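Just so it is clear, none of the values below were taken in a lab; they were calculated from the coordinates. Just so it is clear, the structure is predicted and the values come from calculations on it, not from any experiment. Cβ sites come from the backbone with ideal geometry, for glycine too, and all protein chains shown count toward neighbours.
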Amino acid sequence: MSQAAALAPREGRIQYNYGTFLLATGEPALALPHLEVATERLRNKAAAWVHRGLALRALGRNGEARKAFERALRIDPSHAQAARLLSDAALDRPRGRH
């Protein structure tokens, strides 16, 4: 799969698949660049934004993760995972910030 990603660095679906694979194997730092390409190329794929948010959250970049989950919900307001993750992200906010 890494060869396909290397041969097609701007192909959104390949980058999405490889990024989600890397994320699932516990490599969020390696997954993020692939998921960034995926969201650039597949702007209206809510799942790509969710996985980008998951990678960001795993890297401690919670504000950016929250924005990715929000983007996923703007694309698909019924995306249950994005809604749950956004709710979880809201609970993680420091007190006194809204």
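List every residue pair whose Cβ atoms sit under 8 Å apart, with the two residues 6 or more apart in sequence or on different chains, where the first one lies in segment 34-46 and is on the phi > 0 side of the Ramachandran plot and the second, anywhere, is part of a loop (DSSP other than H, G, I, E, B) and surrounded by 20 or more Cβ atoms within 10 Å (Cβ to Cβ).
none
Could you tell me whether residue 35 is surrounded by 16 or more Cβ atoms within 10 Å (Cβ to Cβ), within 15 Å of residue 12 (Cβ to Cβ) and either more than 8 Å from the chain's Cα centre (by Cα) or of a type outside the set (A, V, I, L, M) (or both)?
Here the answer is no, as residue 35 does not meet what is asked.
Within segment 21-49, track down each residue that is acidic (Asp, Glu) and farther than 22 Å from residue 74 by Cα.
Residue satisfying the conditions is 27 alone.
Residue check: is residue 57 surrounded by fewer than 22 Cβ atoms within 10 Å (Cβ to Cβ) and out of contact with any Cys (no Cβ under 9 Å at 6 or more places or on another chain)?
Spelling it out, residue 57 is indeed surrounded by fewer than 22 Cβ atoms within 10 Å (Cβ to Cβ) and out of contact with any Cys (no Cβ under 9 Å at 6 or more places or on another chain).
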